[in-house]
Amino acid sequence: PTRRSSDLWMLSRSVLMNDAEWSWFILRLAAYGALFWLINYRHRALISDLRFSLEARSRIETELRNLNAQLEQRVAGRTAELSTELAEHKRTQRSLTRAQAIARIGDWERDIHTNAVVWSDEMYRLVGMKPGDPNGTYANFLAMIHPEDREVVKTRIAEALRGGKPYVVEFRLHREED
């Protein structure tokens, strides 16, 4: 008589293990299979997440490189504009300095909050000082105004401050050497 393969398998099973051992073996095999499936599933999910993260990082890095290149172009353009403006400003400043020296006029600015003044080089020369002299203060400026003109100048400055408008006033300077 011929035996079927399933009969042989059943025969070998009954010879090697009893039903309790067989049940335990099947249960362990199912647990290992489930564990393998779970590990494989998580592994694929992690690989997928990693692939997505790497692709996203690559896109972000590319976008950052593009933005950086654009920013560098804008900075280079603005730097060129500022260099041109600075050169023009220096040229204009030299022209103003020459014009003030030729006309023998000076200008000054005063910060009304700190009372600090900034004088042009010609203004220093007009009052008998070297440009940048630390004695070029507002109080010293007022003291250098001819006594007959001093009150008029102070009044015009005070009116301009109250009204918030520019003013023009002519006055004489009184210098020590005069």
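Would region 110-178 count as rounded, prolate or oblate if I go by the C-alpha gyration tensor, calling it rounded below 1.5 in a/c and otherwise prolate when a/b exceeds b/c, oblate otherwise? Oblate, since a/c reaches 1.5 and b/c is not below a/b. Under a 5 Å amide H cut-off, with hydrogens placed 1.01 Å from N, I145 pairs with H174 among residues at least 5 apart or on other chains. Determine the relative contact order of the chain: mean sequence separation of Cα pairs under 8 Å and six or more apart, normalised by residue count, in whole percent. After rounding, I find 10 percent. Taking square-rooted eigenvalues a ≥ b ≥ c of the alpha carbon gyration tensor, is region 80-151 rounded, prolate or oblate, where a/c under 1.5 means rounded and, failing that, a/b exceeding b/c means prolate? It comes out prolate by the Cα gyration axes. Region 65-98 and region 30-45 have Cα centres lying 64 Å from one another. Ignoring lysines fewer than eight residues from K130 along the same chain, the ones with Cα atoms less than 28 angstrom from its Cα are K90, K154. Solvent-accessible surface of the chain, taken per residue with a 1.4 Å probe and all protein chains present: 82 Å².
Against the longest alpha carbon principal axis of the chain, how many degrees, from 0 to 90 and to the nearest 10, is the axis of helix 19-103 turned? Helix 19-103 sits roughly 10 degrees off the main axis of the chain. Cα convex hull, the chain: 300 Å³ per residue, rounded to a whole number. Taking all protein chains in place and a 1.4 Å probe, what share, in percent, of the accessible surface of the chain do carbon and sulfur account for? With neighbouring chains kept in place, the figure for the chain is 59 percent.
The values are calculated or read from the model by the stated rules, or taken from the named source; none is laboratory data. No experiment lies behind these values; they were computed from the predicted model shown. These accessible areas exclude ligands, DNA and RNA; they are computed on the full protein's heavy atoms, side chains included. Shrake-Rupley method; radii C 1.70, N 1.55, O 1.52, S 1.80 Å.
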